[in-house]
Amino acid sequence: MRNGILIAVVDTGPLFATFDTDDPNHARSVHALSAVATRIVIPELVVAETLHLIGTRLGPDVEARFLSGLHRSEIVSPHPIDWSRIAELVMHYRDFPLGGVDASIIALAERLNTDLIFTLDRRHFSVVRPRHVPAFRLLPE
């Protein structure tokens, strides 16, 4: 939390669901991502994964709408120190498996010292143990 504002790192699932009105998680994702007192941070790798999904599943019109709105988002590239942590997480959870995009979310949350993750992926993020807190808080519920 900085200046009384919660920081939330966003995963691909709720980001994609906000653009797919047929997604069963659409309404709750829109609601969670529009929380006024939350600073939304989107990892750059999540943007790339979301672009791929929107482009292949929803088409170029929705992809263009997503792209045109990114200027309003806080998109964060992995910091040089994040890459070794991302690799460490992928190796540690290799039997799970935990991929690089999810590992980048965890590394960014650790760097920003936040425990709040916006995700629909309870399977991965409820099991992974971050360095800075006992567990992540996952929204939307």
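Identify, please: which residue in segment 40-66 is part of a helix (DSSP H, G or I) and small (Gly, Ala, Ser) and is, among those, surrounded by the most Cβ atoms within 10 Å (Cβ to Cβ)? Walk me through it before giving the result.
Step one: of segment 40-66, the residues part of a helix (DSSP H, G or I) are 44-57, 60-66.
In the following step, the residues that additionally are small (Gly, Ala, Ser) were identified as 48, 55, 64.
Values: ALA48: 12, GLY55: 15, ALA64: 12.
Ranking the qualifying residues of segment 40-66, first place goes to GLY55.
Condition check: charged (D, E, K, R), outside any loop (DSSP other than H, G, I, E, B), modelled with pLDDT of 95 or more and surrounded by fewer than 17 Cβ atoms within 10 Å (Cβ to Cβ). Does GLU110 satisfy that? Explain how you work it out, then say what you get.
Numbers: charged (D, E, K, R): yes; outside any loop (DSSP other than H, G, I, E, B): yes; modelled with pLDDT of 95 or more: yes; surrounded by fewer than 17 Cβ atoms within 10 Å (Cβ to Cβ): no.
When the stated conditions are applied, GLU110 does not pass them.
Failed condition for ARG94, given (1) outside any helix (DSSP H, G or I); (2) loosely packed, with under 12 Cβ neighbours inside 10 Å; (3) touching a helix residue (DSSP H, G or I) at 6+ places or on another chain (Cβ under 8 Å), with all others met?
(3)
What pairs can you find where one residue is in segment 102-118 and of a type in the set (S, T, N, Q), the other is crowded, with 20+ Cβ neighbours inside 10 Å and not in a helix (DSSP H, G or I), and their Cβ atoms are less than 7 Å apart, with a gap of 6+ or different chains?
SER104/PRO43; THR114/ALA8; THR114/VAL9
Hey, among LEU138, LEU120, which residue is in contact with a helix residue (DSSP H, G or I) (Cβ under 7 Å, 6 or more places away or on another chain) and in a loop (DSSP other than H, G, I, E, B)? Lay out the reasoning, then the answer.
On the way: LEU138 fails: in a loop (DSSP other than H, G, I, E, B).
Result: LEU120 is the single residue among LEU138, LEU120 that is in contact with a helix residue (DSSP H, G or I) (Cβ under 7 Å, 6 or more places away or on another chain) and in a loop (DSSP other than H, G, I, E, B).
Looking only at segment 25-39, filter to residues that are among the small types (Gly, Ala, Ser) and under 14 Å from the mean Cα position of the chain (by Cα); which one of those is surrounded by the most Cβ atoms within 10 Å (Cβ to Cβ)? Even if it seems obvious, please write down each step before you answer.
Let us first name the residues in segment 25-39 that are among the small types (Gly, Ala, Ser), namely 27, 29, 32, 34-35, 37.
Filter once more, so that each one left must be under 14 Å from the mean Cα position of the chain (by Cα): 29, 32.
Numbers: SER29: 25, ALA32: 22.
It comes out as SER29.
The values are calculated or read from the model by the stated rules, or taken from the named source; none is laboratory data. This structure is a prediction, so every number in the text was calculated from the model and none was measured. With ideal geometry, Cβ positions are generated from the backbone for all residues, glycine too; neighbour counts draw on all protein chains shown.
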